[in-house]
Amino acid sequence: MKDILTAPFMVDMIRTVTNMYNHGWDERNGGNVSLLLEEKDVAEYLDVKQVLRTLETGFSAPELEGKYFLVTGTGKYFKNVQYAPDVNLGIVRLRDGGRQADLLWGYTDGGRFTSEFPAHMMSHVARMKVNPQNRVIMHCHPANLLAMTYVHSLDEKEFTRTLWQMCTECIVVFADGVNVLPWMLCGTNEIGEATAEKMRTARLVVWAQHGIYGAGADLDETFGLIETAEKGAEIYMKIAHLPLVNTITDEQLHQLEKRFNVKAREGYLK
Ligand code: 13P
Ligand code: ZN
């Protein structure tokens with residue numbers, strides 16, 4: 001059996017959460033990440049028949065029966081993951097229609113997966129239906145996106161259009177736009193269901209006054225998606241209080257659509 005700390009998925013996860021911390025997106029235990037794994041990849045590093053503990057999930061997700069996930073632990077600090085991956089991360093396999101998760105590796109201090117496990121798992125189900133290649137759900141607290149939810153309308157079309165106007169690359173990276181949830185209590189099945197519903201039409205979902213969720217095929221892509229939206233929000237927070245002299249027009253956004261072969265969310269451009 002190979003050393004699991006050398007597994008590409010583990011190395012990638014550790015690097016990504018460390019980078020998220022270094023970007024200031026994950027103060028204290030803020031943020032959580034889940035990565036869908038293939039059984040054949042896990043089996044190179046673990047005896048998949050060896051279950052350490054079984055955890056209750058508190059929801060059902062039959063679509064995820066038998067699926068493996070590498071997930072950050074609840075209450076764990078991203079800054080510590082690189083120094084103690086086995087305490088701060090865990091590998092689980094869902095069973096009993098998603099109601100239970102068998103722990104195969106990690107959470108060695110007796111911990112469990114993130115309190116946002118419902119939002120993660122329900123969002124995986126939603127995104128898989130849109131894109132079977134989707135493997136990652138990522139949540140964090142980037143300061144400018146969060147700040148924007150205090151001073152900008154939470155209307156999804158208006159929020160998306162503002163971000164598209166803030167940097168030329170935004171529409172190229174997230175032509176599907178940004179969906180927005182009003183403030184809701186986090187860590188619940190209700191916010192999980194609401195997030196998954198929003199994930200049906202976009203890969204980015206803002207939680208007002210809290211943070212953002214991103215979805216993607218791999219950790220880099222998902223990180224880059226949030227990074228680009230956060231850059232747009234940063235520009236907005238730098239200019240929102242100043243008189244606006246120039247912007248990116250809808251005509252220019254249409255030019256970007258053509259040049260980069262992307263399709264802006266239906267009805268979002270004039
Ligand atoms: P966890 O520590 O349970 O992952 O929660 C962090 C967080 O960001 C809650 O939304
Ligand atoms: Zn959070």
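Which of the numbered conditions does Thr149 fail, given that it passes all the others? Conditions: (1) within 16 Å of ligand 2 (Cβ to nearest atom); (2) in a helix (DSSP H, G or I); (3) within 28 Å of Glu39 (Cα to Cα); (4) of a type outside the set (A, V, I, L, M).
Exception for Thr149: condition (3).
Among the residues of segment 245-253, is any of a type outside the set (Asp, Glu) and part of a helix (DSSP H, G or I)? I'd like the intermediate steps shown before the answer.
Within segment 245-253, the subset of a type outside the set (Asp, Glu) is 245-249, 252-253.
With part of a helix (DSSP H, G or I) added as a condition, the list becomes 252-253.
Checked segment 245-253: at least one residue is of a type outside the set (Asp, Glu) and part of a helix (DSSP H, G or I).
How many residues does segment 184-203 hold that are hydroxyl-bearing (Ser, Thr, Tyr) and either away from ligand 1 (no atom under 16 Å from the Cβ) or outside any loop (DSSP other than H, G, I, E, B) (or both)?
Keep residues of segment 184-203 that are hydroxyl-bearing (Ser, Thr, Tyr), which gives 188, 195, 201.
The next check asks that each one be either away from ligand 1 (no atom under 16 Å from the Cβ) or outside any loop (DSSP other than H, G, I, E, B) (or both); those that pass are 195, 201.
Residues meeting the conditions: 2.
If a residue has to be more than 15 Å from Leu219 (Cα to Cα) and touching a residue at least 24 places away in the same chain (Cβ under 8 Å) to count, how many in segment 132-148 make the cut? So that I can check it myself, show each step before the final result.
In the first step, residues of segment 132-148 are kept if they are more than 15 Å from Leu219 (Cα to Cα); the result is 132, 141-148.
With touching a residue at least 24 places away in the same chain (Cβ under 8 Å) added as a condition, the list becomes 141-148.
Going through segment 132-148 one residue at a time, the tally reaches 8.
Within segment 244-270, how many residues turn out to be open to solvent by 80 Å² or more (accessible area, probe 1.4 Å) and within 23 Å of Thr149 (Cβ to Cβ)?
1
State which residue pairs qualify: first residue within 16 Å of Met148 (Cβ to Cβ) and inside segment 208-223, second residue among the basic types (Lys, Arg) and not in a strand (DSSP E or B) in any location, beta carbons under 9 Å apart, and separation of 6 or more residues or different chains.
Here the result reads Tyr213/Lys198; Tyr213/Arg203; Gly214/Arg203, each pair linking segment 208-223 to a residue that is among the basic types (Lys, Arg) and not in a strand (DSSP E or B).
Examine segment 59-82 for a residue that is at positive phi and within 16 Å of ligand 2 (Cβ to nearest atom), and state whether such a residue exists.
Yes: segment 59-82 contains one or more residues that are at positive phi and within 16 Å of ligand 2 (Cβ to nearest atom).
Determine if segment 201-209 includes at least one residue that is more than 16 Å from ligand 2 (Cβ to nearest atom) and under 13 Å from the mean Cα position of the chain (by Cα).
Taking segment 201-209 as the starting set, the residues that turn out to be more than 16 Å from ligand 2 (Cβ to nearest atom) are 201-203.
This time we only want the ones that are under 13 Å from the mean Cα position of the chain (by Cα), so: 202-203.
For segment 201-209, residues more than 16 Å from ligand 2 (Cβ to nearest atom) and under 13 Å from the mean Cα position of the chain (by Cα): present.
Please count how many residues of segment 173-195 are small (Gly, Ala, Ser) and within 15 Å of ligand 2 (Cβ to nearest atom). Quick ask: steps written out before the conclusion?
Keep residues of segment 173-195 that are small (Gly, Ala, Ser), which gives 175, 177, 187, 192, 194.
Of the ones still in play, those that are also within 15 Å of ligand 2 (Cβ to nearest atom) are 187, 192, 194.
Total meeting the criteria: 3.
When the residues of segment 204-225 are narrowed to those that are in contact with a helix residue (DSSP H, G or I) (Cβ under 6 Å, 6 or more places away or on another chain) and in a loop (DSSP other than H, G, I, E, B), which ends up surrounded by the fewest Cβ atoms within 10 Å (Cβ to Cβ)?
Here the answer is Gln209.
Collect the residues in segment 152-183 that are open to solvent by 50 Å² or more (accessible area, probe 1.4 Å), in contact (Cβ under 8 Å) with a residue 40 or more places away in the chain and not in a helix (DSSP H, G or I), keeping them in residue-number order.
If the condition is that a residue be open to solvent by 50 Å² or more (accessible area, probe 1.4 Å), in contact (Cβ under 8 Å) with a residue 40 or more places away in the chain and not in a helix (DSSP H, G or I), then Leu154, Thr168, Glu169 are the ones that fit.
Let's see how each residue does on (1) more than 18 Å from the chain's Cα centre (by Cα); (2) open to solvent by 10 Å² or more (accessible area, probe 1.4 Å); (3) within 24 Å of Ile191 (Cβ to Cβ):
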site	(1), (2), (3)
Glu39	yes, yes, no
Ser60	yes, yes, yes
Thr72	no, no, yes
Gly110	yes, yes, no
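Filter segment 31-62 down to residues that are assigned to a strand (DSSP E or B) and either within 16 Å of ligand 1 (Cβ to nearest atom) or within 20 Å of Phe9 (Cβ to Cβ) (or both), then give me how many there are.
Pass one, segment 31-62, residues assigned to a strand (DSSP E or B): 32-37, 53-56.
Subset that is either within 16 Å of ligand 1 (Cβ to nearest atom) or within 20 Å of Phe9 (Cβ to Cβ) (or both): 32-37, 55-56.
Number of matching residues: 8.
In segment 108-141, what count of residues is obtained for those that are outside any helix (DSSP H, G or I), hydroxyl-bearing (Ser, Thr, Tyr) and away from ligand 1 (no atom under 12 Å from the Cβ)?
Summing the residues that are outside any helix (DSSP H, G or I), hydroxyl-bearing (Ser, Thr, Tyr) and away from ligand 1 (no atom under 12 Å from the Cβ) in segment 108-141 gives 1.
The values are calculated or read from the model by the stated rules, or taken from the named source; none is laboratory data. Because the structure is a prediction, the values reported are computed rather than measured. Note: ideal-geometry Cβ built from the backbone for every residue, glycine included; neighbour counts use all protein chains shown. SASA here: full protein model, heavy atoms, side chains in, ligands and nucleic acids out. Shrake-Rupley method; radii C 1.70, N 1.55, O 1.52, S 1.80 Å.
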